[in-house]
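Colleague: Before I ask anything, let me first share the structure, which is written out below as structure tokens.
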Amino acid sequence: MQLLKFFQYAYLIIAVLFIYEAVTNWNTDRNRAYMGLLFAALAIFMFFFRKRFRKKFEDRNKP
């Protein structure tokens with residue numbers, strides 16, 4: 001279960017990296033910056049999705 005919790009927060013770290021990449025590429029290559037923002041939004045979505053899924057899984061296994 002701890003591994004699932006680790007990967008849940010890894011999505012946030014990945015989102016921060018993609019946001020940083022988008023900000024640094026904003027003036028040079030807008031298409032790449034938009035792609036970075038898209039992947040950051042996807043990573044944030046995956047964080048909340050995995051969080052909700054993990055909660056359901058834990059509640060299902062409770063006696």
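Colleague: Tally time: how many residues in the stretch 47-63 are farther than 15 Å from residue 3 by Cβ and either over 14 Å from the mean Cα position of the chain (by Cα) or free of Cβ contacts under 8 Å to residues at least 12 places away in the same chain (or both)? First the steps, then the outcome.
Modeller: Initial filter on the stretch 47-63 (farther than 15 Å from residue 3 by Cβ): 47-49, 52, 55-56, 59-63.
Now narrow it down to the ones that are either over 14 Å from the mean Cα position of the chain (by Cα) or free of Cβ contacts under 8 Å to residues at least 12 places away in the same chain (or both): 48-49, 52, 55-56, 59-63.
Number of matching residues: 10.
Colleague: Working only within the stretch 1-30, note down all residues that are in a helix (DSSP H, G or I) and among the acidic types (Asp, Glu).
Modeller: 21
Colleague: Also: Being in contact with a helix residue (DSSP H, G or I) (Cβ under 8 Å, 6 or more places away or on another chain) and either farther than 27 Å from residue 2 by Cβ or not in a helix (DSSP H, G or I) (or both) is true for just one of 33, 40. Which residue is that?
Modeller: 33
Colleague: Kindly provide the set of residues from the stretch 1-35 that are more than 25 Å from residue 52 (Cβ to Cβ) and of a type outside the set (A, V, I, L, M), ordered by number.
Modeller: Answer for the stretch 1-35, where residues must be more than 25 Å from residue 52 (Cβ to Cβ) and of a type outside the set (A, V, I, L, M): 20, 21, 24, 25, 26, 27, 28, 29, 30, 31, 32, 34.
Colleague: Which condition from (1) at pLDDT 95 or above; (2) out of contact with any Gly (no Cβ under 8 Å at 6 or more places or on another chain) is the one that residue 19 breaks?
Modeller: (2)
Colleague: Scan the stretch 17-63 residue by residue and report those that are aliphatic (A, V, I, L, M) and either surrounded by 13 or more Cβ atoms within 10 Å (Cβ to Cβ) or on the phi > 0 side of the Ramachandran plot (or both).
Modeller: Listed by number, the residues that qualify are 17, 19, 22, 33, 35, 37, 40, 41, 42, 43, 44, 46.
Colleague: Within the stretch 1-16, work out how many residues are more than 12 Å from the chain's Cα centre (by Cα) and either hydroxyl-bearing (Ser, Thr, Tyr) or surrounded by 12 or more Cβ atoms within 10 Å (Cβ to Cβ) (or both).
Modeller: Qualifying residue count for the region: 2.
The values are calculated or read from the model by the stated rules, or taken from the named source; none is laboratory data. Because the structure is a prediction, the values reported are computed rather than measured. FYI the Cβ positions are ideal-geometry reconstructions off the backbone, even for glycines, and counts take in every protein chain you see.
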